[in-house]
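Enquirer: The structure under discussion is supplied below as structure tokens; questions concerning it will follow.
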Amino acid sequence: MKKAIKIFGSILYCTTILSVFPLYAISDNRTTDIRFTVAGIAVNGRDLKHSGYDWLDYTGIREIPLVMIFLPALSAEIHATVPDSNGNHLFSADCMAGTALSLTGIEARAGIFLNITPLLTFGVGIKTASGWNYGTSLRTFGVYDPDEKEYKAKTSLSQAACMLNGSVSLNIPMGPCITQIRYSSEYSGFTGASDGQPWECNMESDNVNGWKYQASGTILRQFKNSKLKTAAVTGTAAGWYNSSCFDSRYRPYDPDFIIYSVTPMINMELSPGQTFTVMGIFCRERRFENEDYDGGEQLLQRCTGGIWRFKSILCIWNWKLN
């Protein structure tokens, strides 16, 4: 069964890549975006201590309220829209392809979206990513070794993560606001990991080869003639479809655990071509029997339930270069 799923996923992956460029070629509505982005992530001391780095694993760091980490990135995307040939605006197709380069790694992505009126959208997307490793001081991708209780870094760009996702979203106008309900499924795989072995790549950690889901609801309001362009609140629930994706030694970690989050967001226009976004992330994460574990040992802890806490603040400055 797993082999059949992988074969089907590979076919769909290749089909998506081969479909984007013909759609782009026949479209009369094409755009190209080149952007420079700086993301500022405010991380608390608890998460720093449990990040898996020896130089951050000391008791006093837990008392630090927030530490700001800045990550610059350069990205380029092409977009195209193919309208309904009958001109009734009931159906249209959007496609995109892009790449991004940052201090954590490099990625390429593509997607196709079928719009049935402005209310309903079906999408399929793919992404391939790899990362840089900076010795033992900073690691962005590798596989987990439960005996050593740490992630083992891979040589930079020697392995890659591949993601395939499908989604459906419903947009409901409600006066000045829009409510969006979205459900997505994603298969994640890492070339350097065996089945059941946790891996991390390009800012995504504690992953395994397998399918996961995410359901979300967003209430959004857009503002005209104002520096404040958008205000929104999003609630999500995410998890793995099957705990068997993880090796049996990680059963106490509770792979079936559902992570809930609530994220308020505002987006402002600083000047033509420049925007600034601020998000606050609150989430329900695992509560462990032993909360004073050493960095790198989280996957080996016994989960005893969930706990809500403030996770981080994310600030994004976006500058369109073209």
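The values are calculated or read from the model by the stated rules, or taken from the named source; none is laboratory data. Note that the structure is predicted; figures quoted are calculated from it, not measured. Neighbour counts are summed over all protein chains in view; Cβ atoms, including those assigned to glycine, are modelled from backbone coordinates with ideal geometry. In case anyone asks, the SASA skips ligands and DNA or RNA and just uses the protein heavy atoms, side chains included. Shrake-Rupley method; radii C 1.70, N 1.55, O 1.52, S 1.80 Å.
Enquirer: Is there a residue being part of a loop (DSSP other than H, G, I, E, B), among the acidic types (Asp, Glu) and on the phi > 0 side of the Ramachandran plot anywhere in region 189-204? Quick ask: steps written out before the conclusion?
Expert: So in region 189-204, the residues part of a loop (DSSP other than H, G, I, E, B) come out as 191-195, 197-198, 202-203.
The next check asks that each one be among the acidic types (Asp, Glu); those that pass are 195.
Imposing the further condition that a residue be on the phi > 0 side of the Ramachandran plot reduces the set to none.
No, region 189-204 contains no residue that is part of a loop (DSSP other than H, G, I, E, B), among the acidic types (Asp, Glu) and on the phi > 0 side of the Ramachandran plot.
Enquirer: Look at region 154-184 and say how many of its residues are open to solvent by 40 Å² or more (accessible area, probe 1.4 Å), at negative phi and small (Gly, Ala, Ser).
Expert: Counting residues in region 154-184 that are open to solvent by 40 Å² or more (accessible area, probe 1.4 Å), at negative phi and small (Gly, Ala, Ser) gives 2.
Enquirer: Looking at this structure, is Tyr151 within 27 Å of Glu204 (Cα to Cα), in a strand (DSSP E or B) and open to solvent by 40 Å² or more (accessible area, probe 1.4 Å)?
Expert: No: the conditions fail for Tyr151.
Enquirer: Tell me, yes or no, whether region 195-208 has at least one residue that is loosely packed, with under 15 Cβ neighbours inside 10 Å, modelled with pLDDT under 90 and over 30 Å from Met268 (Cα atoms). I'd like the intermediate steps shown before the answer.
Expert: Here is the first cut: in region 195-208, the ones loosely packed, with under 15 Cβ neighbours inside 10 Å are 195.
Subsequent filtering for residues that are modelled with pLDDT under 90 retains 195.
Filter again for over 30 Å from Met268 (Cα atoms), leaving 195.
Checked region 195-208: at least one residue is loosely packed, with under 15 Cβ neighbours inside 10 Å, modelled with pLDDT under 90 and over 30 Å from Met268 (Cα atoms).
Enquirer: Out of the residues in region 311-322 that are of a type in the set (S, T, N, Q) and not in a loop (DSSP other than H, G, I, E, B), state the one that is nearest to the chain's Cα centre (by Cα). If you could, list the steps in order and put the result at the bottom.
Expert: We begin by selecting, within region 311-322, every residue of a type in the set (S, T, N, Q); these are 312, 318, 322.
Filter once more, keeping what is not in a loop (DSSP other than H, G, I, E, B): 312, 318.
On the way: Ser312: 15, Asn318: 18 Å.
Result: Ser312.
Enquirer: Being of a type in the set (D, E, K, R) and touching a Gly at 6+ places or on another chain (Cβ under 6 Å) is the requirement here; does Arg139 meet it?
Expert: Spelling it out, it is not the case that Arg139 is of a type in the set (D, E, K, R) and touching a Gly at 6+ places or on another chain (Cβ under 6 Å).
Enquirer: A follow-up question, please. Would you be able to say whether some residue in region 84-91 is modelled with pLDDT under 90 and either part of a strand (DSSP E or B) or under 19 Å from Cys201 (Cβ atoms) (or both)?
Expert: yes
Enquirer: Confirm whether Gly111 is surrounded by 18 or more Cβ atoms within 10 Å (Cβ to Cβ) and of a type outside the set (A, V, I, L, M).
Expert: Yes.
Enquirer: Output the residues belonging to region 133-148 that are in a loop (DSSP other than H, G, I, E, B) and surrounded by fewer than 19 Cβ atoms within 10 Å (Cβ to Cβ).
Expert: Hits for region 133-148 are Gly135, Thr136, Ser137, Pro146, Asp147, Glu148.
Enquirer: How many residues are open to solvent by less than 50 Å² (accessible area, probe 1.4 Å) and not in a strand (DSSP E or B) if we restrict to region 255-267?
Expert: 2
Enquirer: For residues that are assigned to a strand (DSSP E or B) and open to solvent by 50 Å² or more (accessible area, probe 1.4 Å), tally how many sit in region 275-292.
Expert: 4
Enquirer: Can I ask one more? Scan Gly123, Gly175, Gly166 and give me the residue that is without any contact (Cβ under 8 Å) to a residue 12 or more places away in the chain and among the small types (Gly, Ala, Ser).
Expert: Testing whether each residue is without any contact (Cβ under 8 Å) to a residue 12 or more places away in the chain and among the small types (Gly, Ala, Ser) leaves just Gly175.
Residue by residue, here is whether (1) within 18 Å of the chain's Cα centre (by Cα); (2) aliphatic (A, V, I, L, M); (3) part of a strand (DSSP E or B); (4) surrounded by fewer than 17 Cβ atoms within 10 Å (Cβ to Cβ) holds:
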{"position": "Thr218", "(1), (2), (3), (4)": "yes, no, yes, no"}
{"position": "Thr234", "(1), (2), (3), (4)": "yes, no, yes, no"}
{"position": "Ser244", "(1), (2), (3), (4)": "no, no, no, yes"}
{"position": "Pro252", "(1), (2), (3), (4)": "no, no, no, yes"}
{"position": "Glu269", "(1), (2), (3), (4)": "no, no, yes, yes"}
{"position": "Gly296", "(1), (2), (3), (4)": "no, no, no, no"}
{"position": "Thr304", "(1), (2), (3), (4)": "no, no, yes, yes"}
{"position": "Arg309", "(1), (2), (3), (4)": "no, no, yes, yes"}
